[in-house]
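The values are calculated or read from the model by the stated rules, or taken from the named source; none is laboratory data. The model shown is predicted, which means the values in this text are computed figures rather than measured ones. Ideal geometry is used to build each Cβ from the backbone, glycine not excepted, and the neighbour counts take in all protein chains shown. The accessibility values were calculated without ligands, DNA or RNA, using every heavy atom of the protein model including side chains. Shrake-Rupley method; radii C 1.70, N 1.55, O 1.52, S 1.80 Å.
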Amino acid sequence: MTTDIDLIYQQGFQLRCEGRYAEARVELEKVLRVQPGHVDSLHQIGLIQGFEGDFDGSLATLEKLSAQNPNNLGIRYDLAMTQMMLGMYEEACAQLRYILSVDPTHEKAAQQATYC
């Protein structure tokens, strides 16, 4: 059963995928008003921060989420990609190695790990 929160999140996610970041943020923040700890919405907002040029904010958001959700490989992967983009190669490679230690079939992490 899909809830209203799920639908709002999906709308925000789709808008983010379409590059409509301001509109996506509005939808994701609606979710967070109801569920302040909604990990997926926080994750998407962290990505939006980077896409909008707030690299420090994006890094901080993804680092915090990764620390709070250490088993979420999606967050770890996006953190690694952000770190790689910011020239934090050792940190990014450590994230990628961790992801592959947990899930050796993680294709994206395996592709990126070739740069480590």
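What to note about this one:
Yes or no, residue by residue, for (1) crowded, with 19+ Cβ neighbours inside 10 Å; (2) out of contact with any strand residue (DSSP E or B) (no Cβ under 6 Å at 6 or more places or on another chain); (3) modelled with pLDDT of 95 or more; (4) aromatic (Phe, Trp, Tyr):
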residue: 43; (1), (2), (3), (4): yes, yes, yes, no
residue: 72; (1), (2), (3), (4): no, yes, yes, no
residue: 77; (1), (2), (3), (4): yes, yes, yes, yes
residue: 93; (1), (2), (3), (4): no, yes, yes, no
residue: 99; (1), (2), (3), (4): yes, yes, yes, no
residue: 102; (1), (2), (3), (4): no, yes, yes, no
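- Residue in the range 1-16 that is farthest from residue 68 (Cα to Cα), counting only those that are assigned to a helix (DSSP H, G or I) and open to solvent by less than 70 Å² (accessible area, probe 1.4 Å): 15
- Tabulated pairs, the range 54-75, first in contact (Cβ under 8 Å) with a residue 24 or more places away in the chain, second outside any helix (DSSP H, G or I), C-beta under 7 angstrom, 6+ apart or interchain: 55/86; 59/86; 73/103; 73/106; 75/69
- Candidates 100, 96 - the one that is more than 23 Å from residue 22 (Cβ to Cβ), touching a Cys at 6+ places or on another chain (Cβ under 8 Å) and part of a helix (DSSP H, G or I): 96
- Filtered residue count, the range 104-116, keeping only those that are within 21 Å of residue 39 (Cβ to Cβ) and either open to solvent by 80 Å² or more (accessible area, probe 1.4 Å) or not small (Gly, Ala, Ser) (or both): 2
- Residue in the range 18-36 that is open to solvent by less than 60 Å² (accessible area, probe 1.4 Å), touching a residue at least 24 places away in the same chain (Cβ under 8 Å), within 25 Å of residue 113 (Cβ to Cβ) and out of contact with any His (no Cβ under 7 Å at 6 or more places or on another chain) present: no
- When residues of the range 45-64 are limited to those that are more than 19 Å from residue 100 (Cα to Cα) and among the aliphatic types (A, V, I, L, M), the one least open to solvent (accessible area, probe 1.4 Å): 48
- Leading residue by the ranking (nearest to residue 41 (Cα to Cα)) among those in the range 69-93 that are of a type in the set (S, T, N, Q) and not in a loop (DSSP other than H, G, I, E, B): 82
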